[in-house]
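The values are calculated or read from the model by the stated rules, or taken from the named source; none is laboratory data. Here the structure is a predicted model, which is why all the values come from computation and not from measurement. Surface accessibility is based on the protein's heavy atoms, side chains included, excluding ligands, DNA and RNA. Shrake-Rupley method; radii C 1.70, N 1.55, O 1.52, S 1.80 Å.
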Amino acid sequence: MLFALLVSSEGATGAPMSPFEVNFGLFFWTWIVFGTLFLLLKKYAWPAILSMTEQREEAIRRHLAEAEQAHEQAAALLAEQQKLLGESRTQAQAILAEAKTASERERAAAVLKTRDEQEQLLARARREIAAEGEKARQELRREAVDLSLAAASKLIGERLSADADKKIVMDFLSTLESTH
């Protein structure tokens, strides 16, 4: 319609219109079309646009609230995780300290046990050496007695009784031992 009006106004004067000229007919119809379009948009389009905008606004608010809750939950979980991590580190250090203490106790017990076993072994070896020494001395005495008796019997020329000879020599050797 506007186009027909524009063509008719051009056709009437025959010269093209300048964009700076005021045409009251065009001005009137422009306001009529604008008003009609405004009323139609206000009645039909504006409520739909407004309700969609409000729905979108509500959805954005809901998403922001959910994001805030998620952020708070994440912060709480992070704090809990850091707390658990700290507790885990503390427990690990306690376990390491306990293991170190236990290993030191075990090492000390093993050293003590080894030392006791060495002392027992050394004491047993000393007893065995003393027993062997005593045994060797007794054997040496017997041999000395036998040799002495053999030498004395050759000197005397006759053999005395073996038991009596041994008793005499043993008594003599024991008196010698007690003087030394």
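Structure values in brief
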| quantity | calculated |
| --- | --- |
| From Val33, Val7, residue being modelled with pLDDT of 90 or more, open to solvent by less than 90 Å² (accessible area, probe 1.4 Å) and part of a helix (DSSP H, G or I) | Val33 |
| Filter pass, Leu84 being of a type in the set (A, V, I, L, M, F, W, C) and under 34 Å from the mean Cα position of the chain (by Cα) | yes |
